[in-house]
Amino acid sequence: MIKFYTAIGSYQISKDGYPVILADGRECALSAQELLLWSALAFRIRTYQELEAEFYRKERELHILGELDFEHYLNRLITRRLIVSGKDDTSVDALYDLLGHLYIQTIPDSFPVKALTFIKLLLCQRMRFREAALVFHSERLTPAEKQVMALLKRQMLSTAEVIQCTAKEKRRLRSNQELMECLYADGNTDCESIVIDSRTTDARIPVLSAVANLYLKQRITFQIL
């Protein structure tokens, strides 16, 4: 059995200047160990063994050894819906079990947003100029990745919904109404049935690959709605 983990939400600095995770409209404060564990999965997809090894490595490196073990912090973040997992007999099926029901949120990539982030990194986090300037670098997207981003331009979709839109050769969605007409018009289809149906759709593998790569390239985050 293969099991993958990833993080939900995005890292933010609160109005009070504290690091928080913004997930599903919630601002979640984390302990040092919880934040370390969540960060090990931010823009990463790892197995249990990989995640455990990275957690203990970072604990030693940062000298923030906790009183409790890795399993405790992992279970707490799963309970708080800040970490999710997926499992199955093959890597592809485990990846779908992980991502199929998650909603995809794009990360703003415009120049003004990047410029503001650059200034914050320099002034607020005292990052070196060369390191902060990396925010202006973006990896090129493949055609499949561009297609996923096009579908997400106006609204969040689940990975399963993206798969179904791709299978129906829907390249753009102008509104939520258009999404409903494309996927839910028969009155019998709901979010759960979309997840079930997408598991065996031919478009599943290329879309899963595109979504996972967009996440690794830090172009999207995942949410649970």
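Of all the residues in the stretch 1-17, those that are among the charged types (D, E, K, R), in a loop (DSSP other than H, G, I, E, B) and either touching a Ser or Thr at 6+ places or on another chain (Cβ under 8 Å) or not assigned by TED's automatic domain parsing to the domain that holds E52 (or both) number 0.
Among the residues that make up the stretch 210-220, is at least one of them within 22 Å of R140 (Cα to Cα), small (G, A, S) and buried (at least 16 other Cβ atoms within 10 Å of the Cβ)? Within the stretch 210-220 (the criterion being within 22 Å of R140 (Cα to Cα), small (G, A, S) and buried (at least 16 other Cβ atoms within 10 Å of the Cβ)), the answer is yes, since at least one residue qualifies.
If I filter the stretch 157-178 for residues that are of a type in the set (D, E) and at pLDDT 95 or above, do I get at least one hit? I'd like the intermediate steps shown before the answer.
Residues of the stretch 157-178 that are of a type in the set (D, E), as a first pass: 161, 169, 178.
This time we only want the ones that are at pLDDT 95 or above, so: 161.
Checking the stretch 157-178: at least one residue is of a type in the set (D, E) and at pLDDT 95 or above.
Among the residues that make up the stretch 18-29, is at least one of them in contact with a helix residue (DSSP H, G or I) (Cβ under 8 Å, 6 or more places away or on another chain) and either closer than 22 Å to K217 by Cβ or in contact (Cβ under 8 Å) with a residue 60 or more places away in the chain (or both)? Within the stretch 18-29, one or more residues are in contact with a helix residue (DSSP H, G or I) (Cβ under 8 Å, 6 or more places away or on another chain) and either closer than 22 Å to K217 by Cβ or in contact (Cβ under 8 Å) with a residue 60 or more places away in the chain (or both).
Whether a residue is farther than 17 Å from I220 by Cβ and more than 19 Å from the chain's Cα centre (by Cα) was assessed, and Y48 does not pass this test.
Okay, residues lined up against (1) among the β-branched types (V, I, T); (2) over 15 Å from S85 (Cβ atoms); (3) assigned by TED's automatic domain parsing to the domain that holds I107; (4) modelled with pLDDT under 90:
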| residue | (1), (2), (3), (4) |
| --- | --- |
| A23 | no, yes, no, no |
| C28 | no, yes, no, no |
| E34 | no, yes, no, no |
| R46 | no, no, no, no |
| E50 | no, no, no, no |
| E54 | no, yes, no, no |
| L62 | no, yes, no, yes |
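Just checking, does the stretch 194-215 include any residue being in contact with a strand residue (DSSP E or B) (Cβ under 6 Å, 6 or more places away or on another chain) and closer than 20 Å to D97 by Cβ? Yes: the stretch 194-215 contains one or more residues that are in contact with a strand residue (DSSP E or B) (Cβ under 6 Å, 6 or more places away or on another chain) and closer than 20 Å to D97 by Cβ.
The values are calculated or read from the model by the stated rules, or taken from the named source; none is laboratory data. What you see is a predicted model, and the numbers here were worked out from it, not measured in a lab. We place every Cβ from the backbone using ideal geometry, glycine too, and count neighbours over all the protein chains shown.
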